[in-house]
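What follows draws every value from the coordinates through simple rules; no lab data is involved. Here the structure is a predicted model, which is why all the values come from computation and not from measurement. Here the Cβ is made from the backbone with ideal geometry for all residues, glycine too, and neighbour counts use every protein chain on show.
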Amino acid sequence: MLKDKKAVIFDLDGTLVDSMWIWPEIDVNYVERFGLSIPQGFGEAMEGMSFTETARYFLDTFPTLPRTLEEVKQDWTEMAYEWYTKKVPLKPGVYNFLENLRQNDIRCGIATSNGRELAAATLKALRIDDFFDSFRTSCEVAAGKPAPDVYLKVADDLRLSPECCLVFEDVPNGILAGRNAGMTVCAVDDDYSRQLEAKKRQLADYYIHSYDDIINGQYEVL
């Protein structure tokens, strides 16, 4: 999997950390605060959106929500901060894999759809922030996933061509973002997206249940 690769670029939520379970509860609690309710299919429509795009989608969906775009983002950051810094664990095998990459002089980057404040606090709380040479969010580029922008931005930071980069992602739109960037993509198993496993396998180059699969040579070639 790592042959001829000079960098590995990770999504964050559902890929490096087990955190996707947080957001459905936050969404429900947030809209109920204003006497609103979540419509059917709401979560699926947000897959891959940046933090900013998601906030804008909320405001478009709930036009009576008495908040600005920046206020929505700040509200979510405050609601999720303690969970992210105290209750979100690394996915199995992450730390050993990051150590292995460092030992083999393979550079690392983050390309997340989450907000910078939450993502940075999470990396620091889990003591893995020093592993990454580039840390970008989809809010910093023109379009969120499945557009390739955030992955290309990280590759540009690292001064590497896309074909030298391996991407890890947990949802179909994230996998597509990596593929659209011209990168090799490994899909990561996650409880939140397990119902999409067939689609993830169809889109990705590799599939893992744990990062230990890579160390042990047990990853799936698709």
List pairs: first residue in the stretch 21-42 and within 17 Å of Glu53 (Cβ to Cβ), second residue of a type in the set (Phe, Trp, Tyr) anywhere in the structure, Cβ distance under 7 angstrom, at least six positions apart or on different chains.
Ile26/Trp76
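Could you tell me which residue of the stretch 127-171 is nearest to Ala7 (Cα to Cα), considering only residues that are of a type in the set (S, T, N, Q) and in contact with an Asp or Glu (Cβ under 8 Å, 6 or more places away or on another chain)?
Ser134
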Going by the conditions given, is Gly48 in a loop (DSSP other than H, G, I, E, B) and over 30 Å from Leu166 (Cβ atoms)?
no
Return yes when Thr112 is closer than 23 Å to Ser134 by Cβ and either of a type outside the set (Phe, Trp, Tyr) or loosely packed, with under 13 Cβ neighbours inside 10 Å (or both) and no when it is not.
yes
Looking at the stretch 51-89, which of its residues are within 19 Å of the chain's Cα centre (by Cα), among the hydrophobic types (A, V, I, L, M, F, W, C) and not in a helix (DSSP H, G or I)?
Val88
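Okay, residues lined up against (1) buried (at least 17 other Cβ atoms within 10 Å of the Cβ); (2) among the charged types (D, E, K, R); (3) within 15 Å of the chain's Cα centre (by Cα):
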| position | (1), (2), (3) |
| --- | --- |
| Leu123 | yes, no, yes |
| Leu126 | yes, no, no |
| Ser138 | yes, no, yes |
| Ala142 | no, no, no |
| Ala147 | yes, no, yes |
| Phe168 | yes, no, yes |
| Met183 | yes, no, no |
| Asp189 | yes, yes, yes |
Tell me which residues, restricted to the stretch 32-74, are within 19 Å of Val171 (Cα to Cα) and charged (D, E, K, R).
Glu44, Glu47, Glu53
Suppose we keep only residues that are of a type in the set (Ser, Thr, Tyr) and not in a loop (DSSP other than H, G, I, E, B) within the stretch 101-154. Which one would you say is farthest from Thr184 (Cα to Cα)?
Thr122
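For the stretch 8-45, name all the residues that are in a loop (DSSP other than H, G, I, E, B) and of a type outside the set (Gly, Ala, Ser).
Scanning the stretch 8-45 gives Asp11, Leu12, Thr15, Leu16, Asp18, Met20, Trp21, Phe34, Leu36, Ile38, Pro39, Gln40.
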